[in-house]
Amino acid sequence: GPLSERRLMDVRLGELPAWLATCDFSPQGLLGGVQKAWSSYYDKYINVKRGGPAGVSMLLAGYCLLSYGWNYQHISK
């Protein structure tokens with residue numbers, strides 16, 4: 001399909017600048033992208049018939065990395 005309708009994983013490296021130019025970087029566009037990413041993550045890892053600890057542990061690991069990044073200067077002193 002058209003470049004603007006492709007997912008990031010379907011875009012070739014040479015097409016990346018043109019694909020980025022079609023993205024909506026307004027606050028509403030970014031919020032829509034975050035909502036779409038969360039929905040995709042939730043459907044793949046959390047909302048499954050036989051769920052395991054993978055989805056929740058990825059969220060926890062992401063939170064730990066984010067907290068460490070935010071507090072790095074305070075921790076390193």
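Summary of computed values
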| item | result |
| --- | --- |
| Count of region 9-26 residues which are in a helix (DSSP H, G or I), exposed (fewer than 11 other Cβ atoms within 10 Å of the Cβ) and within 16 Å of the chain's Cα centre (by Cα) | 1 |
| Check on Lys49, in a loop (DSSP other than H, G, I, E, B), without any contact (Cβ under 8 Å) to a residue 12 or more places away in the chain, charged (D, E, K, R) and out of contact with any strand residue (DSSP E or B) (no Cβ under 9 Å at 6 or more places or on another chain) | yes |
| Positions within region 17-62 being in contact with a Gly (Cβ under 6 Å, 6 or more places away or on another chain) and either among the β-branched types (Val, Ile, Thr) or closer than 19 Å to Arg6 by Cβ (or both), in sequence order | Ile46 |
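Values quoted throughout were computed directly from the atomic coordinates according to the rules given, and no laboratory measurement underlies them. Quick caveat, the model's predicted, so the values are computed rather than measured. Neighbour counts run over all protein chains shown; Cβ positions are idealised from the backbone, glycine included.
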